[in-house]
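Any read-out appearing in this document is the output of simple, stated calculations on the displayed coordinates, not a laboratory observation. Small disclaimer: the values here were computed from a predicted structure and weren't measured. Virtual Cβ from ideal backbone geometry, glycine too; neighbours counted across all protein chains shown.
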Amino acid sequence: MSWNLLVLALYYITQCLAGGSDVMTKDGYMLIADYGIADYAKAVYAIDSTGMPIDGPLWFIRDLFIVSVFITPPIWLIIKYLRVYGMILLTALFLMGVSTHLPGLSSAAIFYFAWGAYMSLHKISMGADAEGMRANLCGWIMLASLAVFTGCYFCGSPWEPKAKTVYIFSAILCIFCWIGRWVKTDKIYIPALFSTASFFIFAFHKPMQVIVRRAFFAIVHPQQEWLLVAVVFLIPALVISIALGIFYLIKKYFPFLKFLNGYRL
């Protein structure tokens with residue numbers, strides 16, 4: 001709730017600074033100044049067709065709350081009696097794009113919640129168990145799924161959404177495998193600030209990225225291909241740097257704002 005209200009205020013300010021134009025507004029979306037009561041409710045809970053609150057990434061937090069309250073018993077039964085076969089079934093349904101089409105009960109939330117519950121009940125740690133995974137095999141699977149997704153994208157195939165889901169899922173496994181092994185062998189060092197600020201970056205990055213990207217294109221109007229490619233990498237790096245800087249200031253000078261990070265500083 002607090003993050004969605006904060007993003008509403010942030011978008012309102014940037015839209016005002018842009019002179020009330022649609023520079024800071026997605027196509028087909030209203031300016032915040034034109035919102036009614038129903039529009040504010042949709043922005044906070046996401047009951048419209050987008051399925052996302054105004055702070056997009058928080059759809060997952062909303063869905064996890066609802067899934068944990070209403071779907072926990074059947075998930076527990078699946079894990080207890082069907083074991084890994086039940087998880088394979090849930091994974092297949094997720095990759096096939098089967099959805100409830102109900103706000104708060106997305107197939108993605110059910111899928112990730114169920115796997116989290118399965119790993120917790122069976123004492124499985126992706127970080128601790130990553131050493132037993134084949135890093136190279138995970139990498140090849142990720143590259144193969146990326147190639148399929150890219151081919152579907154450029155060919156306009158109707159299988160593109162499913163190929164994208166498979167790629168994202170394989171990439172998650174690959175990242176856990178590599179990071180887990182690197183951390184345990186001291187080949188990579190992750191500062192404590194990065195770990196503590198992870199939720200802050202998660203909640204902050206999407207709206208700030210929208211603002212920075214739209215402001216950049218409105219001011220610079222990039223046309224060169226090399227600049228368009230560079231923007232893909234530079235803007236996320238800039239947004240993460242801004243998020244870490246703000247989080248550091250909150251941690252040092254404004255600790256009363258720690259509720260924005262789940263009371264972790």
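Sorting C174, C152, C16 on the 10 Å Cβ count, fewest up front, what's the list? Walk me through the numbers on the way to the answer.
Values: C174 21, C152 18, C16 13.
Ascending number of Cβ neighbours within 10 Å: C16, C152, C174.
Exceeding 24 Å between C-alpha atoms, which entries from my cross-link table qualify? They are K80/K123; K206/K251; K80/K162.
On the way: K80/K123 14 Å; K206/K251 21 Å; K80/K162 29 Å.
Distance filter (> 24 Å) returns K80/K162.
Can you sort H122, H221 so the residue with the fewest Cβ neighbours within 10 Å comes first? Don't skip to the answer; put the middle values down first.
Working: H122 10, H221 7.
Ranking H122, H221 by Cβ neighbours within 10 Å, fewest first, gives H221, H122.
Counting other beta carbons within 10 Å of each Cβ, put W140, W115 in order, fewest first.
Details: W140 13, W115 18.
Lowest to highest Cβ neighbour count: W140, W115.
Run the numbers on the chain and let me know its relative contact order in percent, using alpha-carbon pairs under 8 Å that are six or more apart. Kindly include the intermediate steps, with their values, before the conclusion.
On the way: 208 pairs, mean separation 46.1, N = 265.
Relative contact order of the chain: 17 percent.
In whole Å, what three semi-axes, largest first, describe the equivalent ellipsoid of segment 190-265 built from its Cα gyration tensor (square root of 5 times each eigenvalue)? Walk me through the numbers before you get to the answer.
Working: eigenvalues 168, 30, 16 Å².
One finds semi-axes of 29, 12, 9 Å for segment 190-265.
Springs between alpha-carbon pairs under 10 angstrom, Gaussian network model over the chain: which of L95, L137, L146 fluctuates most?
Top of the fluctuation ranking is L137.
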